[in-house]
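*Asks:* One structure is given below, represented as structure tokens, and several questions about it will come after.
The values are calculated or read from the model by the stated rules, or taken from the named source; none is laboratory data. Please read all numbers here as calculations on a predicted model, not as lab measurements. When we count neighbours, we look across all protein chains shown, and the Cβ atoms used for this are built from the backbone with ideal geometry, even at glycine. Please note that ligands, DNA and RNA were not included when accessible areas were found on the heavy atoms of the full protein model with its side chains. Shrake-Rupley method; radii C 1.70, N 1.55, O 1.52, S 1.80 Å.
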Amino acid sequence: MPRPMKLYNHALAPNPRRVRIFAAEKGMELSLEEVDILAGQCRTPEFLAKNSSGAVPVLELDDGSCLSESVAICRYLEGLHPEPNLLGRDLREQVEIERWNRRMELELFAAIGRTVQNTSSIFQGRFKQFPDYGKAQRVIVHQRLERMDRELDGHQFVASERFTIADITALVAIDIGGRLADIRIAPELAHLTRWHQAVSNRPSAKA
């Protein structure tokens, strides 16, 4: 039986969680090696040889080569195990899922990241924070959550009639925003609340 692929991971970081959820949906086992990114372990020469960007996740293959960037890793895993499909079964579906995943990344995940980086105490002293900019980004996040609620009206999932990578991206973004920036889904956003509860209850969300 082949040994699990090694994933360089940080338990609380959102991008490794994307890969963990993706793999769990497919029933794939990954061997996790924790990298303390807050202590600078991702900036050592040894780790930079695996990923010159100095970030996790990194997937190490049997031949010793490494893949980085969470979506690229997910594409590799999908190629190994096409079902259950999370990236699209044909060109039209792939384009639609990619469209929504990009929206979740650029319009939601990125804005939450900027809010966290500029307002969370975890980053104080690590680099210069701009609290007013962080507050402005928080407003953008809540506007995007309101729009997401409207988009989910009549739809069970973000990009398709089934769970896809777009749902994973949105879930990890919202969850890290709640954990580090107290970003909460307003109770009146019923469609978004229903979606978040449903995807959070999937076994893979615990990965």
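*Asks:* Pairs, please: C-beta under 6 Å, at least 6 apart or cross-chain, first residue farther than 16 Å from Arg75 by Cβ and in segment 10-39, second among the charged types (D, E, K, R)?
*Replies:* Ser31/Lys6; Glu33/Lys6
*Asks:* How many of the residues making up segment 40-54 are in contact (Cβ under 8 Å) with a residue 12 or more places away in the chain and not hydrophobic (A, V, I, L, M, F, W, C)?
*Replies:* 4
*Asks:* Pairs only if they're at least six apart or on different chains, beta carbon under 7 angstrom, first in segment 154-178 and under 28 Å from Gln117 (Cα atoms), second small (Gly, Ala, Ser) and outside any helix (DSSP H, G or I); list them, first residue then second.
*Replies:* Once the first residue is under 28 Å from Gln117 (Cα atoms) and sits in segment 154-178, its partners that are small (Gly, Ala, Ser) and outside any helix (DSSP H, G or I) give Ala166/Ala159.
*Asks:* Does at least one position in segment 51-62 carry a residue that is loosely packed, with under 12 Cβ neighbours inside 10 Å and of a type in the set (A, V, I, L, M)?
*Replies:* Yes - at least one qualifying residue is present in segment 51-62.
*Asks:* Give me a count of the residues in segment 179-207 that are of a type in the set (A, V, I, L, M), surrounded by 14 or more Cβ atoms within 10 Å (Cβ to Cβ) and closer than 24 Å to Gln137 by Cβ.
*Replies:* 7
*Asks:* Go over the candidates Leu7, Leu12, Leu38 one by one and state the one that is over 21 Å from Arg202 (Cα atoms), at pLDDT below 95 and either crowded, with 21+ Cβ neighbours inside 10 Å or of a type in the set (A, V, I, L, M) (or both).
*Replies:* Leu38
*Asks:* Also, quick follow-up: Identify all residues within segment 77-88 that are more than 14 Å from Asp167 (Cβ to Cβ) and open to solvent by 40 Å² or more (accessible area, probe 1.4 Å); write none if there are none.
*Replies:* Passing the criteria: Gly79, Leu80, His81, Pro82, Glu83.
*Asks:* For segment 135-146, state whether one or more residues are touching a residue at least 40 places away in the same chain (Cβ under 8 Å), touching a helix residue (DSSP H, G or I) at 6+ places or on another chain (Cβ under 9 Å) and either open to solvent by less than 20 Å² (accessible area, probe 1.4 Å) or closer than 24 Å to Glu25 by Cα (or both).
*Replies:* Yes, segment 135-146 contains at least one residue that is touching a residue at least 40 places away in the same chain (Cβ under 8 Å), touching a helix residue (DSSP H, G or I) at 6+ places or on another chain (Cβ under 9 Å) and either open to solvent by less than 20 Å² (accessible area, probe 1.4 Å) or closer than 24 Å to Glu25 by Cα (or both).
*Asks:* Take Cys74 and tell me if it is under 18 Å from the mean Cα position of the chain (by Cα) and either buried (at least 19 other Cβ atoms within 10 Å of the Cβ) or part of a strand (DSSP E or B) (or both).
*Replies:* yes
*Asks:* Now for a different question. Among the candidates Leu91, Leu106, Leu171, single out the residue that is buried (at least 22 other Cβ atoms within 10 Å of the Cβ) and not β-branched (Val, Ile, Thr).
*Replies:* Leu171
*Asks:* Next question. Please give the helices (runs of 4 or more DSSP H) falling wholly within segment 99-207 in which 2 or more residues are closer than 27 Å to Ala39 by Cα.
*Replies:* 110-119, 131-151, 165-181
*Asks:* Considering only segment 23-68, state which residues are touching a strand residue (DSSP E or B) at 6+ places or on another chain (Cβ under 8 Å), charged (D, E, K, R) and assigned to a loop (DSSP other than H, G, I, E, B).
*Replies:* Passing the criteria: Lys50, Asp62.
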